[in-house]
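The values are calculated or read from the model by the stated rules, or taken from the named source; none is laboratory data. Given the structure is predicted, the values throughout are model-derived calculations rather than measurements. Note that we place each Cβ from the backbone using ideal geometry, even for glycine, and neighbour counts take in every protein chain shown. Ligands, DNA and RNA are excluded from the accessible area calculation, which covers all protein heavy atoms including side chains. Shrake-Rupley method; radii C 1.70, N 1.55, O 1.52, S 1.80 Å.
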Amino acid sequence: MNSPAPRRVLVTGAGRGLGLAFVRALLARGDQVLATCREPTANTALRDLLPAHPDRLHLLALDVNDSARFSAFAADVGAHVEALDLLINNAGVLPTGERFGQLRAETLEATLRTNTVAPLLLAQALAPALARGRRPCVANLSTELGSIASTRQFHSPSYAISKAALNMAGVLLGAALAADGVRVVNLHPGWVRTQMGGPNAALDPEHAVHDLLQTLDRLPADCHGAFLDRHGQPLPW
Ligand SMILES: NC(=O)c1ccc[n+]([C@@H]2O[C@H](COP(=O)([O-])OP(=O)(O)OC[C@H]3O[C@@H](n4cnc5c(N)ncnc54)[C@H](OP(=O)(O)O)[C@@H]3O)[C@@H](O)[C@H]2O)c1
């Protein structure tokens with residue numbers, strides 16, 4: 001089988017965990033990568049990749065909570081690439097230690113802002129660049145913890161609520177972007193050994209990203225907001 005043509009890909013939260021694994025895997029397969037994180041100049045893992053990929057790796061500063069900057073950021077993106085083929089909305093937060101009876105509005109609101117509002121508004125700001133892309137796609141890093149149908153226990157409420165809402169944001173984005181041929185998918189990566197997933201998680205980030213990229217390669221043209229596991233199997237909403 002021929003390998004796919006190089007793509008222009010933007011990754012949020014690219015400094016560690018799954019985001020960094022995406023950057024490494026995309027560079028290894030020849031893609032052009034716009035790796036974004038809050039402090040790219042301080043991130044040695046990303047900076048160390050630059051010498052080997054001076055023309056294909058661009059490090060851009062982006063705090064996804066700073067949505068007021070998104071249109072200026074879209075212009076920064078335009079200075080590097082004339083179109084985007086893939087936006088990976090990867091940045092996310094998981095507050096720990098939440099207990100019913102002690103929930104705080106600040107935690108719920110901050111989590112929604114990063115995990116739900118940011119991916120939706122960033123995709124909106126980058127929609128024109130995506131519309132010019134080849135087989136363009138928005139991939140939201142969701143989780144099975146955002147599945148309403150599968151939820152039985154009171155667990156990580158801010159995270160679960162924000163990811164259930166992200167799934168809805170993905171469906172709405174899918175509807176909004178369908179006319180431009182932009183596919184949208186909400187992906188559960190599995191339980192992955194990162195700072196968020198912890199040391200006991202089942203998968204290493206490279207393995208999860210390998211499967212996720214295969215699923216993205218096979219995504220049909222009419223994928224407008226599906227909720228899939230890393231192998232491409234549908235998950236219950
Ligand atoms: N690991 C798992 O088992 C698992 C399972 C299901 C879904 N996911 C999802 O996969 C995605 C990546 O998770 P991970 O496991 O790689 O987590 P992680 O190791 O905790 O990394 C999270 C990334 O998000 C970035 N981030 C957080 N807030 C940000 C902000 N305001 N602006 C820019 N970047 C921000 C972090 O950047 P800083 O370094 O600046 O903090 C970091 O790069 C998340 O959306 C998560 O919900 C993970």
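Along the charge dipole of the range 43-197, Cβ charges K/R +1 and D/E -1, which of T114, G146, A125 sits furthest on the positive end?
It is G146.
Residue separation times 0.36 nm, minus the C-alpha to C-alpha distance between D180 and A52: what's the value?
42.6 nm
How large a share of the accessible area of the range 89-193, in percent, is made up of carbon and sulfur atoms when the probe is 1.4 Å and the other protein chains stay in place?
Accessible surface attributable to carbon and sulfur in the range 89-193 totals 59 percent.
As I understand it, the value is the acute angle between the Cα axis of helix 70-80 and the longest principal axis of the Cα atoms of the chain; what does it come to in degrees, rounded to 10?
Between helix and principal axis, roughly 30 degrees.
Take the chain, connect every pair of alpha-carbon atoms lying under 10 Å apart with a spring to form a Gaussian network, then pick out the residue of C137, C223, C37 with the largest mean-square fluctuation.
Checking each option, the largest mean-square fluctuation is seen for C223.
Can you give me the angle between helix 118-131 and the longest principal axis of the chain, using Cα atoms only, in degrees from 0 to 90, rounded to the nearest 10?
With both axes taken from Cα atoms, the answer is about 30 degrees.
Can you give the net charge of the other residues whose Cβ lies under 13 Å from the Cβ of S142, counting K and R as +1 and D and E as -1?
Counting the neighbours of S142, the net charge comes to 0.
Let me spell out the model: positive unit charges on the Cβ of Lys and Arg, negative unit charges on the Cβ of Asp and Glu, origin at the Cα centre of the chain. What dipole size does that give, in debye rounded to 20?
Dipole size: approximately 140 debye.
Do any trypsin sites (Lys or Arg not before Pro) in the range 41-128 lie in a DSSP loop with no more than 13 other beta carbon atoms within 10 Å, and if so, which?
Here the sparse-neighbourhood loop sites are R99, R104.
Taking only Cα atoms and a 10 Å spring cutoff, compute GNM fluctuations for the chain and point out the largest among L130, L166, L49.
Residue with maximal mean-square fluctuation among L130, L166, L49: L49.
Mind giving me the nanometre distance, one decimal, between the label points for M168 and R135, set 7 Å out from Cα along Cα→Cβ?
Spacing of the two 7 Å Cα→Cβ label points: 3.3 nm.
Take the solvent-accessible surface of the protein heavy atoms, probe 1.4 Å, and return the percent of it on the range 11-53 that carbon and sulfur atoms account for.
For the range 11-53, the apolar C and S fraction of the accessible surface comes to 50 percent.
Where only protein heavy atoms count, and the probe is 1.4 Å, what is the accessible area per residue for the range 8-229 in Å²?
The answer is 46 Å² per residue.
Could you check which residue among L84, L62, L18 shows the biggest mean-square fluctuation in a GNM of the chain with a 10 Å Cα cutoff?
In this elastic network of the chain, the residue with the biggest mean-square fluctuation among L84, L62, L18 is L62.
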